[in-house]
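Report on the structure given below.
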């Protein structure tokens with residue numbers, strides 16, 4: 001039986017460069033999904049604050065951004081509907097952050113598993 005051929009240094013460099021390109025593509029896709037989720041969450045908040053609290057676009061933006069980032073609303077809420085919306089939006093924002101973090105971290109965990117050769121058979 002013939003011995004398996006060892007890979008040359010050039011072949012190893014090519015494989016490493018290919019793996020880095022794949023990882024960069026996965027990270028770019030994950031970041032694009034994260035940005036899309038953040039814009040969607042911000043739009044939901046702006047629409048809700050403008051509708052329920054009758055805020056201007058600027059005030060709705062700043063309140064939505066503050067809740068989405070975890071800091072809380074800036075001003076006092078005046079309507080019952082606005083208060084219910086703000087509470088619901090805060091819960092939604094928390095879940096959105098957890099989901100977005102999962103999208104961004106999944107390529108990192110996938111890369112770590114490949115580096116330690118923990119992938120299953122047939123995994124690319």
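The values are calculated or read from the model by the stated rules, or taken from the named source; none is laboratory data. Everything numeric in this text was worked out from a predicted model, so none of it was measured. When we count neighbours, we look across all protein chains shown, and the Cβ atoms used for this are built from the backbone with ideal geometry, even at glycine.
Among residues of region 48-65 that are touching a residue at least 60 places away in the same chain (Cβ under 8 Å) and on the phi < 0 side of the Ramachandran plot, none has a beta-carbon under 6 Å from a residue that is surrounded by fewer than 20 Cβ atoms within 10 Å (Cβ to Cβ) and assigned to a helix (DSSP H, G or I) at least six positions away or on a different chain.
Yes/no per residue for (1) at positive phi; (2) surrounded by fewer than 16 Cβ atoms within 10 Å (Cβ to Cβ); (3) in contact with a strand residue (DSSP E or B) (Cβ under 9 Å, 6 or more places away or on another chain); (4) free of Cβ contacts under 8 Å to residues at least 40 places away in the same chain:
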{"position": "28", "(1), (2), (3), (4)": "no, yes, no, yes"}
{"position": "41", "(1), (2), (3), (4)": "no, no, no, no"}
{"position": "72", "(1), (2), (3), (4)": "yes, yes, no, yes"}
{"position": "85", "(1), (2), (3), (4)": "no, no, no, yes"}
{"position": "88", "(1), (2), (3), (4)": "no, yes, no, yes"}
{"position": "96", "(1), (2), (3), (4)": "no, no, no, no"}
{"position": "103", "(1), (2), (3), (4)": "no, no, no, no"}
{"position": "116", "(1), (2), (3), (4)": "no, yes, no, yes"}
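You will find that of 2, 19, the residue that is modelled with pLDDT under 90, more than 17 Å from the chain's Cα centre (by Cα), more than 20 Å from residue 90 (Cβ to Cβ) and surrounded by 11 or more Cβ atoms within 10 Å (Cβ to Cβ) is 19 and no other.
The residue of region 66-107 that is modelled with the lowest pLDDT, among those that are more than 17 Å from residue 56 (Cα to Cα) and part of a loop (DSSP other than H, G, I, E, B), is 72.
Of all the listed residues (52, 23), the sole one being touching a helix residue (DSSP H, G or I) at 6+ places or on another chain (Cβ under 6 Å) and under 30 Å from residue 117 (Cα atoms) is 23.
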